[in-house]
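Since the structure comes first, as structure tokens, the remarks are kept for the end.
The values are calculated or read from the model by the stated rules, or taken from the named source; none is laboratory data. Note that this is a predicted model, so its numbers are computed, not measured. Using ideal geometry, Cβ is built from the backbone for each residue, glycine included, and neighbour counts are taken over all protein chains shown.
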Amino acid sequence: MNADLRWLLRLGAEQKLFTAEQGRAAIAKLGGAPDLMTFAQELIDSGVVTALEKLEEIAGEAISRAADGPPAETVPKPSAPVRDSVPSGGLVFETLGALDDAALAAGLRGLLRATAASGASDLHLSTGARPFIRRARVLSHVSEHVLTADEALRLNTVLLSEGQRRIFLERRDYDYALAIGADDRYRVNLMFHKNGAAGAYRMVPAGTRSLEDLGFARHLETLRKLLSYHNGLILITGPVGSGKTTTLASMVAQLNETRSDHIITVEDPIEVVQPARGCNVTQREVGPHTRSFATALKGALREDPDVIVIGELRDLETIEMAISASETGHLVIGTMHTSDAATTLNRLLDVFPPSQQTQIRASVAESLRGIVCQRLLPSPTGELVLSCEILVANTAIQNLIREGKSAGLRNTMETGVKEGMCLMDNSVYALWQEGRIAPDVARANIPNRVLRQKITG
């Protein structure tokens, strides 16, 4: 990347003319190495920048600064987080015992809002531990106060109804969606461990982000093609915390805006509320609305759906029903906890007994439309960036599935780039080339020895 373009990216982001993500998306659209004027024109043509005089001024400054060389970093690194940056929401943990339930509930709501505003993804309140948050994969303590068993139990149950509290105390585990106002939503898991009660609160973004904003700019055409099918199976996979739910919500939003169908979702719990736009969206939650994923799927087939969205493919019955639905004229989208396409297929097929293997391989080969595996990696700026692996079920892939030759998937995906396929190794390597992840992060996430050796720094 030319020095003048690096300067324009930096100055544009610093002066809030456009975001770093918008800049990277424009570069990716133009092929990865445009000149400054071509890049600037793309920002104008795409509607990202409307202040033409300001853009011209910054471009001139970028050209001038480029004479002295490129900036040390396209976007400056943030300073190390300081203690004051950790949210408290006004809740003083040392005085929890003096608060009545109403004050405690108000304090917890304030803490949750402050946690979300700080950019953290999770809040943890556990017996025998200091309250802490997770932000950009880094843990930070909210307070030095160690929660007692009574304090942790009160904190984690103060926002529950009597019915919810009873269920939690009986089952010792409880998942639910918490809404505080119209735009503040959280996915909550409550449990008991050896010391007492604990709660994990996952921040749910308000509304949905576009697939492009999530980091799929290079793969938009492929994803749109997958979502254009009216039957078949699409799988979104990745480890815990990789953004599968966010991607799934964005896909549903894409369908909601571009089609006029009936979409039924089955989630545990409902995290992102999808208002009806072009589609009618029916959202069901395991527990309050249905006994299980499998039960909901059985019902869904009698409820005139066009698209069925499954929060997680967990067991044999759910997977079998999902495959069956995808074969009978429905588009089925679901998630799994797997790291790559080959592992996903093996996990999907291996839940079936040996006597069914031949039949189920033929069914999956026929119904599978694609697999999107994703991973979130830390950037030098403290943000998380998305890397992905995409399998598109072409004729060659279908034959490999039918014949049980998953070992050949990687080679077929390497030769299927023109059809939109992408390997995780190549995605991570591209992020390093663009300067979006550090060399050590890239090397840690690339098993391919040849690519690892190319990474310097």
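Filter the helices (runs of 4 or more DSSP H) completely within the range 385-457 down to those with at least 2 residues that are closer than 30 Å to Gln359 by Cα. Steps first, answer last, please.
Working: elements: 395-403, 409-414, 424-433, 439-444, 449-454.
So the answer is 395-403, 409-414.
Of the residues making up the range 222-245, those that are small (Gly, Ala, Ser) and either under 13 Å from Gly420 (Cβ atoms) or surrounded by fewer than 18 Cβ atoms within 10 Å (Cβ to Cβ) (or both) number 2. Restricting attention to the range 328-343, the residues being part of a helix (DSSP H, G or I) and at pLDDT 95 or above number 0.
Residue count for the range 124-150 under the criterion of being among the charged types (D, E, K, R), under 25 Å from Arg172 (Cβ atoms) and in contact with a Ser or Thr (Cβ under 8 Å, 6 or more places away or on another chain): the result is 2. Among the numbered conditions (1) in contact with a strand residue (DSSP E or B) (Cβ under 7 Å, 6 or more places away or on another chain); (2) basic (Lys, Arg); (3) at pLDDT 95 or above, the only one that Arg154 does not meet is (1). All of (1) modelled with pLDDT of 90 or more; (2) under 17 Å from Gly241 (Cα atoms); (3) in contact with a Lys or Arg (Cβ under 7 Å, 6 or more places away or on another chain) hold for Gly119 with one exception: (1). Have a look at Thr358, Thr456 and point out the one that is in contact (Cβ under 8 Å) with a residue 12 or more places away in the chain and more than 25 Å from Glu221 (Cα to Cα). After ruling out the rest, the residue left standing is Thr456. Residue pairs whose Cβ atoms lie under 9 Å apart, separated by 6 or more positions or on different chains, with the first residue in the range 203-231 and farther than 20 Å from Ser121 by Cβ and the second aromatic (Phe, Trp, Tyr) and surrounded by 15 or more Cβ atoms within 10 Å (Cβ to Cβ), are Thr222/Phe216; Leu223/Phe216.
If a residue has to be assigned to a loop (DSSP other than H, G, I, E, B), among the small types (Gly, Ala, Ser) and surrounded by 14 or more Cβ atoms within 10 Å (Cβ to Cβ) to count, how many in the range 133-164 make the cut?
Going through the range 133-164 one residue at a time, the tally reaches 2.
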